[in-house]
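One structure below.
Only the coordinates and a few stated rules stand behind these numbers; no lab work does. Quantities reported herein were computed from a predicted structural model and do not represent experimental measurements. As a convention, Cβ positions derive from the backbone with ideal geometry for all residues, glycine included, and neighbour counts pool all protein chains shown.
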Amino acid sequence: MSKLTTTGLTKAFSGLVAVNDVSFNMEEGEILGIIGPNGAGKTTFIHLVSGILMPTSGRIEFKGKDITYAPAHERSRLGIARTYQLIHPLENLKVVENVMIGSVFSRGKSLKEARKAAEAICAELELDRLQRDTAQLSILEIKKMEIARALANEPEVLFLDEVMAGLNSDETKQVIATVQRIARERRMAVGVVEHVMGVIRELTQRVIVLEAGELIAEGPYETVSKNPRVIEAYLGGAA
Amino acid sequence: MKLKTSYIAAAVIAAVAVASPAFLGAYPLNVARSVMTYMALAISWDMLLRSGQISFGIAGLFGLGAYASALAVLRGGMDPFLSIVFAAAFAGVMAFALGFAILRLRAMYFSITTLALMEIFRIVMHNLDDFSGGPEGVVLPEVIFGGNSSALYWLCLGGLLITIGASWFFEKSKMHLALTAIRNDETSARSSGVDIFKYLLIAFVVTSTMQGMMGAIQVQSYGFTTPETAFDGNFTLLPLAMALLGGVHSTIGPMAGAVLLGIASEWLKLQIPYGHLIVYGVIIILVILFMPQGLVGMARRMIRAGREAGAGK
């Protein structure tokens, strides 16, 4: 079943078209890679579908419902969650509170229920000592906390925007395994933005490639990575 | 154990506060009322600050409450006590309506606008001669409770307790998560389902209601007001200094700051009648420079450092 669909999605920043006429869909239980060179519009695309930015034109549907202009907090309640490329810890809240807020505000749980849910999610991600301040966390722990916070929304669609950046290879493997397991268990659609192609190859069933805001290729990683247009986009038009 | 101690301490303080009129004279009771009024304003200012919004409009809502209460009695023949409830609600409704416009602003744009609102309210009261009494202000036919100093004290204490209760609720409920998330990172907050505008509006309406209520209590306790006394800049400046001195983002911080600075201000008024405001200004600057967490923040750090040193042994 199609979870998230965009049709002709476009975002222009006064002349600069960051996302140009992108149509795509995400299926239940699918892990989708979103790749492209720097400045291709990957993060802007996630901003659009998560409601942080409003599109210039086009349409976004979540399970057939038009959410093109729905505010971000409503999409979070509907079941679209995300992490950020640049970390966004809430530094005046404890780790457990950082994770809880999704349960409280997206799922309407009581503080007590939300705390329980947060503890369960953190246990799953092997994140402990939840009474700490976020300032005491390592970068891996902050990334885990942000994934936990997104999962606390109990999303049906989850976007991970470069969560592996800054992690070493062991940590990356650990996060990959966790994402795979959670996506499988919860039948979530997961969109992964990543520059490390090894991660994309291992994690995703399908990728879309953006370049200068346009969708230039789509398909399994093995096929897409041999596509001449994709190679040119990554290596530049030097040849 | 720690929890129990703090509950006992709170109970003792509350008992002493309630019983004060039995052993305090008229002047100390008057000072206590002034301190309690400022304390309630400081707490209410801090409650909105927890969302990151710095209001300079405390005196505006305070004066609005004062005038709403006074005019309800004078022009509408309302019962004085009921007029306090009315004035609090009036300030809340005004905040609700204004909130739709100004809560879209952030940082200094919000602050400056709240400051401007206060001036607008004052100028309106100044110029609505027929209705508000103009620059001469209004004189009520009588002071509430016949001016009984114990009753006035308890009335003010009641207003303060309502404010403390609201602040405590903000600390213990999901308001705490919502406001802190908004203050730290609005983008994260939105992504976690926090309806930012809704929670800002709740905080603005609740704190404005408290400020209006304290203004109404003040005017009913003194029996008169003028635009210059009701919208006195002190009602913005002092609560702000108190909350900063005591420590922001908590209930206890503004309370501690209000006791210290409130009593100090009474003494300063006698020592330097025309210069005591300078002292507040200096306090604000010093606290921001050297003690941004305030006294309570400093105490917490010292306790934590002590514990860590103890644990290290």
Item to check | the range A:76-102 versus the range B:187-225: alpha-carbon centroid distance in Å | outcome: 26
Item to check | Backbone N within the range B:232-253 under 19 Å of label point (7 Å from B:Ile120 Cα along the Cβ vector) | outcome: B:232-233, B:236
Next on the checklist: Along the Cα→Cβ direction, 7 angstrom out, place labels at A:Ala135 and A:Arg181. What is the inter-label distance in nm?
Outcome noted: 3.3
Next on the checklist: Need the list of lysines near A:Lys226 for cross-linking: C-alpha distance under 27 angstrom, and skip anything on the same chain fewer than eight residues off.
Outcome noted: A:Lys42, A:Lys173
Checklist outcome for this item: Note to self: C-alpha centroids of the range A:182-239 and the range B:73-148 sit apart, in Å, by 61
Checklist entry - What FRET efficiency comes out for the pair A:Lys112/B:Asp129, r = Cβ-Cβ distance, R0 = 41 Å, nearest 0.05? => result 0.15
Next on the checklist: As an exercise, use a Förster radius of 41 Å and the Cβ-Cβ distance of A:Glu126 and B:Ile13 to find the FRET efficiency, rounded to the nearest 0.05.
Outcome noted: 0.40
Checklist entry - Two-decimal Rg/Rh of the protein assembly as shown from alpha-carbon positions, Kirkwood Rh? => result 1.07
Checklist outcome for this item: GluC sites (Glu not before Pro) in the range A:121-153 lying in a DSSP loop, each with at most 16 other Cβ atoms within 10 Å of its Cβ, come to A:Glu126
Item to check | Rounded D (µm²/s) - the range A:74-185, Kirkwood Rh over Cα pairs, Stokes-Einstein at 4 °C, 1.567 mPa s | outcome: 94
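For a test of the definition: using alpha carbon positions, the gyration tensor, and the 1.5 limit on a/c, classify the range B:1-142 as rounded, prolate or oblate.
oblate
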Item to check | Cα-based shape type of the range A:15-89, given that a ≥ b ≥ c are square roots of the gyration tensor eigenvalues and the cut on a/c is 1.5 | outcome: rounded
Checklist entry - Residue by residue, what Karplus-based ³J(HN,Hα) values in Hz, rounded to whole numbers, does the range B:214-222 have, using 6.51, -1.76 and 1.60 with θ = phi - 60° and x for Gly and Pro? => result 5, x, 5, 4, 4, 5, 5, 7, 9
Checklist entry - Leaving out same-chain residues fewer than 8 places away, which lysines sit with a Cα under 27 Å from that of A:Lys109? => result A:Lys3, A:Lys63, A:Lys65, A:Lys94, A:Lys143, A:Lys144, B:Lys172, B:Lys174, B:Lys198
Checklist entry - If r is the Cβ-Cβ distance from A:Ala165 to B:Ala309 and R0 is 35 Å, what FRET efficiency results, to the nearest 0.05? => result 0.40
Checklist entry - Given H placed 1.01 Å from N in the peptide plane, which residues other than close sequence neighbours of A:Glu214 have an amide H under 5 Å from its amide H? => result A:Asn20
Checklist entry - So which trypsin sites (Lys or Arg not before Pro) in the range A:102-136 are both in a DSSP loop and have at most 10 other Cβ atoms within 10 Å of their Cβ? => result none
Item to check | 222 nm mean residue ellipticity, helices alone, for chain A (DSSP H n ≥ 4; -39,500 (n - 2.57); rounded to 500) | outcome: -10500 deg cm²/dmol
Checklist entry - Which of the aspartates and glutamates could be linked to A:Lys116 by a straight reach, that is with a Cα gap under 12 Å, when you skip same-chain ones fewer than 8 residues away? => result A:Glu97
